[in-house]
Number of protein chains: 2
Amino acid sequence: MIGQKIRELREENDFLLRQLAAKLDIDTAQLSKMERGERLFKKEEIIEIAKILKANEKELLTIWLADKLYKTAEGEKHILDAIKLVEKKLQQK
Amino acid sequence: MIGQKIRELREENDFLLRQLAAKLDIDTAQLSKMERGERLFKKEEIIEIAKILKANEKELLTIWLADKLYKTAEGEKHILDAIKLVEKKLQQK
DNA sequence: TTAAATTAGCCATTATTTGTCAAGTCAATA
DNA sequence: TATTGACTTGACAAATAATGGCTAATTTAA
């Protein structure tokens with residue numbers, strides 16, 4: 001999901017995989033996997049990508065975090081109940 | 001949080017750490033850490049504990065999952081926005 | 001105090017994630 | 001149809017994180 005979003009942004013900005021990979025100083029194959037969701041982006045990479053592709057950092061980080069949460073919950077039962085508990089706990093702080 | 005809950009249940013049922021640990025076939029020190037949140041419970045252990053302590057399995061699993069989600073999100077920005085995205089994605093399925 | 005219960009700290013083992021490279025597919029085009 | 005460029009795939013080693021098991025220390029309750 002975040003990968004798909006980044007791929008779209010990259011293509012809108014006419015960057016090749018290897019060009020963006022170079023800017024991020026990572027392997028092209030790695031970025032390919034990241035964009036297709038096979039591997040995770042680091043938070044720092046998302047922030048860097050937002051700068052490079054002139055995108056909204058907050059939006060990207062939000063999608064990135066949503067991905068991680070989704071991956072954690074995926075396949076479990078009672079996900080919505082658990083989310084409610086998390087929201088409750090967040091309010092306490 | 002799930003650890004705290006399990007500790008309460010264990011004490012209500014007058015089980016010692018070593019007794020519950022024995023039933024779960026894990027080390028006492030390990031269970032101690034789990035109850036204090038230093039280490040994670042496995043899902044199977046939660047299910048087993050629900051049986052042993054005659055507790056509501058759904059409730060325990062929900063708290064257990066909420067813990068994992070909270071841990072994933074902890075310290076990040078835009079958590080609530082990310083949660084909304086997760087809920088949206090869950091609806092799509 | 002002292003004995004039982006719990007916690008802390010290590011270290012070895014295992015699992016998961018990451019980085020790197022070489023080979024592969026596919027589409028455009030010479 | 002051979003070549004080229006962009007991207008993907010798979011394999012594997014390196015790095016990181018999680019787990020298990022043990023012993024010593026600390027806390028608690030009698």
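Does region A:58-73 include one or more residues that are surrounded by fewer than 15 Cβ atoms within 10 Å (Cβ to Cβ) and either over 19 Å from B:LEU85 (Cβ atoms) or within 13 Å of DNA strand D (Cβ to nearest atom) (or both)?
No, region A:58-73 has no match at all.
Assess whether A:GLY75 counts as being away from chain B (no Cβ under 11 Å) and on the phi > 0 side of the Ramachandran plot.
Spelling it out, it is not the case that A:GLY75 is away from chain B (no Cβ under 11 Å) and on the phi > 0 side of the Ramachandran plot.
Pairs please, first residue from region A:19-33 and closer than 15 Å to A:ILE47 by Cβ, second anywhere and open to solvent by 60 Å² or more (accessible area, probe 1.4 Å), Cβ atoms under 8 Å, 6+ apart in sequence or on different chains.
Close Cβ pairs (under 8 Å, with a partner that is open to solvent by 60 Å² or more (accessible area, probe 1.4 Å)) amount to A:LYS23/A:GLU48; A:LEU24/A:GLU48.
Consider region B:1-11. How many of its residues are open to solvent by less than 50 Å² (accessible area, probe 1.4 Å) and either more than 20 Å from A:THR72 (Cβ to Cβ) or within 14 Å of DNA strand C (Cβ to nearest atom) (or both)?
The qualifying residues number 4.
The values are calculated or read from the model by the stated rules, or taken from the named source; none is laboratory data. This is a predicted model, so every value here is computed, not measured. Positions of Cβ are backbone-derived with ideal geometry, glycine not excepted, and every protein chain shown enters the neighbour counts. Heads up: the accessible areas ignore ligands, DNA and RNA and are worked out on the full protein's heavy atoms, side chains in. Shrake-Rupley method; radii C 1.70, N 1.55, O 1.52, S 1.80 Å.
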